[in-house]
Amino acid sequence: MNGGCVMRPTGERLRANVWGRYHVTDECDGCGVCAICAPLNFDKSWDGTYYAVAQQPRDEAQEEAMRAAIAACPQHCVKCEPNLD
Ligand code: SF4
């Protein structure tokens, strides 16, 4: 029997995200694909285990990059809530 404590992802918004429409959830595994798609908008955590939205998109090019990140994220954990504008 495994007596260790394992934190399971719940799909909740990571507190590291800046506030706004786009965010990353705790399902992130830190692969970094989102930051390849949108390097101006994502930052790696201090320990490298996850990424979070560091800057909401400021123009259409960054919006497009965020949409690409949503499509490319293998864990489907980059989310957009349009009603947070
Ligand atoms: S692509 Fe998805 S799983 Fe990979 S670091 Fe970005 S948010 Fe996390």
Charge-dipole axis of the chain as Lys and Arg at +1 and Asp and Glu at -1 on Cβ define it, positive-most pick from ALA69, PRO9, ALA35: PRO9
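Scan the chain for GluC sites (Glu not before Pro) in coil per DSSP, keeping those whose Cβ has at most 15 other Cβ atoms within 10 Å, and list them by number.
Details: sites: GLU12, GLU27, GLU60, GLU63, GLU64; in loops: GLU12, GLU27.
Qualifying residues, ordered by number: GLU12.
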Please compute the modelled spin-label separation between THR10 and ALA35, points set 7 Å along Cα→Cβ, answer in nm with one decimal. 2.6
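Sort ASP26, ASP47 so that the residue with the fewest other Cβ atoms within 10 Å of its own Cβ comes first and the one with the most comes last. Could you put the intermediate results ahead of the total?
Values: ASP26 16, ASP47 7.
With the fewest neighbours first, ASP26, ASP47 line up as ASP47, ASP26.
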Can you list residues from other chains, or at least 5 along the same chain, whose modelled amide H is less than 5 Å from the amide H of TYR22? GLU81
Largest first, please: the extent of the C-alpha atoms of the stretch 22-84 along each principal axis, to the nearest Å. 30, 20, 19
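Taking the Cα centre as origin and putting +1 on Lys and Arg beta-carbons and -1 on Asp and Glu beta-carbons, what dipole magnitude results for the chain, to the nearest 20 debye? Mind dumping the intermediate values first?
Values: 8 positive and 12 negative charges, 38 e Å.
It works out to roughly 180 debye.
Give me the percent relative contact order of the chain, please, defined on Cα pairs under 8 angstrom at least 6 residues apart. Before the final figure, lay out each step's value.
Values: 138 pairs, mean separation 28.3, N = 85.
That works out to 33 percent.
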Computed over the chain: longest principal axis from alpha-carbon atoms vs helix 60-72 long axis, angle to nearest 10 degrees, is 30
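Bear in mind these aren't lab numbers, they're just calculated from the coordinates by the rules spelled out. These figures come from a predicted structure and were not determined experimentally. Heads up, the Cβs are rebuilt from the backbone with ideal geometry, glycines too, and the neighbour counts pull from every protein chain shown.
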